[in-house]
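In what follows, a structure is listed as structure tokens, so that the remarks can point back to it.
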Ligand SMILES: Nc1ncnc2c1ncn2[C@@H]1O[C@H](COP(=O)(O)OP(=O)(O)OP(=O)(O)O)[C@@H](O)[C@H]1O
Ligand SMILES: [Mg+2]
């Protein structure tokens, strides 16, 4: 993979258009993320956030425009692009018949990445999964526990691009704080993070940039500045009443 | 471990964890084993019985006292069809066609005493043979174990997470296929053991057995591919199950059952009664050897007299009645042969229709391959009938010749009124010993393979279709939204 090319940004989206049948969901989306950068994507329900992620992963073909993951077009080389991505879905799907540890081992085995048991446990701890759950079948897990297993998996995949779809939606406030710390770790590792969220405060705490998606494109973007980083009140006003395109 | 083997292993592990799957698979394997054992036992039983009965009737024939040769023509002879070794695997139509024949002068009898006519109604539901279990039940098990292979992951959302680990849909499908093929192999092991046992029997030939083994392995592989293909092509496991069960009922249950009916409609075969009636009519038209004014036999008489250069039949050096019997048998047999070959031609056309229907169902192709290689199909039966008729004709004509050569015309003519003449017209029993016994000549192995190969080609084509559809299915799967 060509990570070091100029065009080899972890994520590059230019003028992306995506249609679901006659319904245009993304309409000229531009979005690039540098290594080690955390980008929070906000927007109302149905704005096209999950669709953006699906297009990045090659599950939705672009009608026009460009998507590149480390220089690779996921539409034409999905397998290659996906190897560079870790993904935390909005609704985490795990193998119910396997334990938390077995799930991780299986998925890592599929991606041919070797991690020691200690590394896996460290990831569980970092994700905040209680220890007595490591070797339990996930069939009995709560939404938040599943979320933590999937977060651990994303952490264990050492990849240039991490996609998070509402990562804190099932987490309690403490776990949310833990998670925000994890993002810092990903930044240090040099991974680019694209995080879809409705949690404005978390975004303001962690993101280097915050973009608002409306009517299929980024209508406003704020960059963290100074010790206060963002004018959260202004962000909130914007978030609550997004402009119509 | 590679992603492929990891996926296959997990799929197998999941099957093993499901009690229903394990019981179903174990049940089927046990069924194959039981079918193999009972079928082999039944076959050797039948073979023993037929050999014993054949020896018994041969001896009875040989032990007849001094008789007039024509009495022996009507005493007749029984022959039995020995079963080919592969009948232990696939008895084919043997249970239905009958396997014993009564041979006598002036007529061609059909084979009698098929198991179905003799035993309880249970046999009609289909014998438990390895062929039946593999053709009919094994696909059902493969469907039940495999329908969810891909569709289940798609429904649960784990498919997307799998793809996000950078696995290709091709690898995923190959892994699932490997798991299902492993189950298919487990079913195949007892079946192949039966074939190996059969191969060790006297008279067994490697070619047809190898073709049978290859055919069933192809058939099981074919179903594994179909199941994974459907599972990868539909959105929900339930839909995959319904589609596969529909496919199974039509191709495995319905088409093989209606194929013979369709063939019979396409090429109507007159009933036995109709055939007998027209045959009798033609026989009567042929002439009457007992009527001195009959033109056909009057001409024959003139020909014989001329040939021997005498004026009266009494002056012939041979018994004219014997010559008459030889000629009569020749004429009636010619007529019978014509009817028989017309019948076989119709059956061959019906078989061709069945072949055409076989293109619609791999199960029909598999059945035809299996029976043809075993020699238990219609062609195998026809071979028995052919040899039986040749033997009957030879036996009857030998007896007729004996009448011509060993019984004097005077005695023959006077035997009903003169007891001394009647005594003299009886000939010594050593003549019965001299008659050849019936020995069925089994088909050449190469011949069986040749007969089975059209169905084998059809099966391979069937394998090709879903195999070629796998690649586009994988491409579609790789881009699925959920
Ligand atoms: N598979 C699909 N087929 C057709 N339309 C779809 C499909 N998935 C999403 N859409 C439509 O595309 C639009 C964007 O959906 P998307 O899921 O991307 O929104 P979102 O921003 O993630 O919303 P939320 O905040 O509720 O998660 C919506 O109008 C939705 O109805
Ligand atoms: Mg969404």
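Points worth noting:
- Cα long-axis angle, helix B:3-17 against chain B (0 to 90 degrees, to the nearest 10): 70
- Protection proxy ranking, highest mean first, for peptides A:213-226, B:399-412: B:399-412, A:213-226, where packing is the per-residue count of other beta-carbon atoms within 10 Å, averaged.
- Taking every residue in A:145-157 and counting other chain Cβ atoms within 10 Å of its Cβ, the average works out to 1.
- DSSP beta bridge pairing in the protein assembly as shown, given as percent antiparallel to the nearest 5: 60
- Average beta carbon contacts from partner chains per residue of B:9-15, 10 Å cutoff: 2
- Residues A:23, B:433, arranged from fewest to most other Cβ atoms within 10 angstrom of their Cβ, appear as A:23, B:433.
- Relative contact order (%) - the range A:24-134, alpha-carbon pairs under 8 angstrom, separation at least six: 13
- With contacts taken as Cα pairs under 8 Å and at least 6 residues apart, chain A reaches a relative contact order of 26 percent.
- Taking a point 7 Å out from the Cα of residue B:26 in the direction of its Cβ, the residues of the range B:133-172 whose backbone N falls within less than 17 Å of it are B:145.
- Shielding of peptide B:146-156 by partners, expressed as the average count of other chain Cβ atoms within 10 Å per residue Cβ, is 1.
- A simple packing score, the average count of other Cβ atoms within 10 Å per residue, orders the peptides B:344-355, B:266-277, B:86-97 as B:86-97, B:344-355, B:266-277, with the highest score first.
- Rounded Å value of the spacing that divides the Cα centres of the range B:171-229 and the range B:332-347: 40
- Hull volume in cubic angstrom per residue (convex hull over the Cα atoms of chain B): 163
- Order of B:318, A:232, A:159 under a 10 Å beta carbon neighbour criterion, fewest first: A:232, B:318, A:159
- Given R0 = 22 Å, the distance between the Cβ atoms of residue B:197 and residue B:467 translates into a calculated FRET efficiency of 0.10.
- Backbone N within the range B:325-340 under 19 Å of label point (7 Å from residue B:298 Cα along the Cβ vector): B:328
- Based on C-alpha pairs under 8 angstrom that are at least 6 apart in sequence, chain B has a relative contact order of 26 percent.
- Applying 1/(1 + (r/R0)^6) with r as the Cβ-Cβ distance of residue A:19 and residue A:169 and R0 = 35 angstrom yields a FRET efficiency of 0.80.
- Estimated distance in nm for a label pair at residue B:306 and residue B:444, the labels positioned 7 Å out from Cα along Cα-to-Cβ: 4.3
- Pairwise label distance in nanometres, residue A:208 with residue A:105, each label 7 Å out on the Cα-Cβ vector: 3.7
Quick note: the coordinates plus some simple rules give every number you see, no bench work behind them. All values reported here derive from a predicted model rather than from experimental measurement. Don't worry about glycine lacking a Cβ; one is built from the backbone with ideal geometry, like all the others, and counts go over all protein chains shown.
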